[in-house]
Every structure is written in C-alpha cells, then in structure tokens.
Amino acid sequence: MHKSFLVWAAALGALAVVLGAFGAHKLKELVPPETVSTFQTGVTYQFYHVFALLATGILFANAGGSQLEWAGRCFIIGIFLFSGSLYALTMLKATGNVGLRGIGIITPIGGVFFIIGWICLLMGILKIKA
C-alpha cells in the first residue's frame with residue numbers, strides 16, 4: 001500500500017504543478033480574478049496534501065498500520081473532492097455554464113476527508129513504537 005501512496009503523491013504532485021502553471025499563466029485570460037483565486041486554493045490544498053500523502057507513504061512503509069492506510073486514502077479522496085470540485089467550479093465559470101453550481105457542496109466534504117486524514121495520521125504516528 002505504501003508504494004501506491006507514493007505513486008499517487010508523485011502523480012498528483014506533477015498534476016498540481018501543471019494546474020498551478022495553467023492557473024498562473026492562462027486562466028486569468030479566461031475568468032475573473034476571484035475565480036483564479038478559487039482555482040489557486042485548489043492547487044494549494046492539493047500540494048499540501050501531496051506532501052502529507054508522501055509522509056504517510058513513508059511512515060506506512062516503515063511502521064504499517066490501518067490508521068496510516070486510512071490517512072493516505074482520506075488524503076487522496078480529499079484531493080479529488082476538495083481540489084477537484086474547485087477545478088470543476090472554475091471550469092464551469094470559464095465555459096459560462098451555469099448548471100451544476102451545486103457542485104460546490106462537494107468542496108467541504110473533501111475538507112472533511114482532509115481533516116479525517118490528518119486525524120488518522122496522528123493516530124497512526126502515536127501507535128508507532130519509539
């Protein structure tokens with residue numbers, strides 16, 4: 001499982017760089033500044049949780065434990081729900097599509113997965129014998 005967390009972290013990290021570059025250079029031509037800010041929030045949180053996922057994968061390789069496994073899963077789910085919903089909202093704004101505005105409700109659900117991931121990471125670390 002630890003290798004898959006590391007693979008996900010690397011892939012999602014690369015994607016965050018691509019999306020960050022797009023947001024910094026091209027997106028501002030397509031949407032208003034507040035929408036660029038929303039997109040950037042998604043990229044920022046994706047990066048934070050890529051690093052958390054890297055740490056989780058490394059810890060899991062050395063110590064194992066179901067809490068660390070759940071931490072990694074929650075970080076991945078959180079990235080897709082939290083950051084993904086912000087990217088989708090930005091895309092909808094860029095295309096002028098007014099349907100599916102309710103997609104914003106997914107963002108806080110992703111945030112809850114981030115919180116659960118951090119709690120699981122804490123619990124997993126506390127179980128590691130020094």
Let me confirm something: among F114, F39, F80, F60, which residue is under 19 Å from V18 (Cα atoms), buried (at least 18 other Cβ atoms within 10 Å of the Cβ) and aromatic (F, W, Y)?
F39
Matching residues in region 1-35 - criterion: being over 24 Å from G65 (Cβ atoms) and open to solvent by less than 60 Å² (accessible area, probe 1.4 Å)
A14, A16, L19, G20, A21, G23, A24, L27, V31, P32, T35
Looking only at region 75-114, which residues are in contact (Cβ under 8 Å) with a residue 12 or more places away in the chain and polar (S, T, N, Q)?
S83, S85, T90, T107
Can you find a residue in region 41-57 that is of a type in the set (A, V, I, L, M, F, W, C), over 10 Å from the mean Cα position of the chain (by Cα) and farther than 17 Å from G117 by Cα?
no
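Can you find, within region 117-130, the residue that is least open to solvent (accessible area, probe 1.4 Å) among those that are over 14 Å from H49 (Cα atoms) and either hydroxyl-bearing (S, T, Y) or touching a Leu at 6+ places or on another chain (Cβ under 9 Å) (or both)?
G124
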Quick count over region 92-111, residues being surrounded by 17 or more Cβ atoms within 10 Å (Cβ to Cβ) and among the hydrophobic types (A, V, I, L, M, F, W, C), is 2
Search region 59-72 for residues that are more than 12 Å from I128 (Cβ to Cβ) and pair each with any residue that is of a type in the set (V, I, T) when their beta-carbon atoms are under 9 Å apart and the residues are at least 6 apart or on different chains.
E69/T56; W70/I116; A71/T56; A71/I116; A71/I119; G72/T56
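The values are calculated or read from the model by the stated rules, or taken from the named source; none is laboratory data. What you see is a predicted model; the values in this text were computed from it and never measured. For neighbour counting, all protein chains shown are included, and Cβ atoms are generated from backbone atoms with ideal geometry for every residue, glycine included. Ligands, DNA and RNA are stripped out before the accessible areas are found, and what is left, the full protein with its side chains, is counted by its heavy atoms. Shrake-Rupley method; radii C 1.70, N 1.55, O 1.52, S 1.80 Å.
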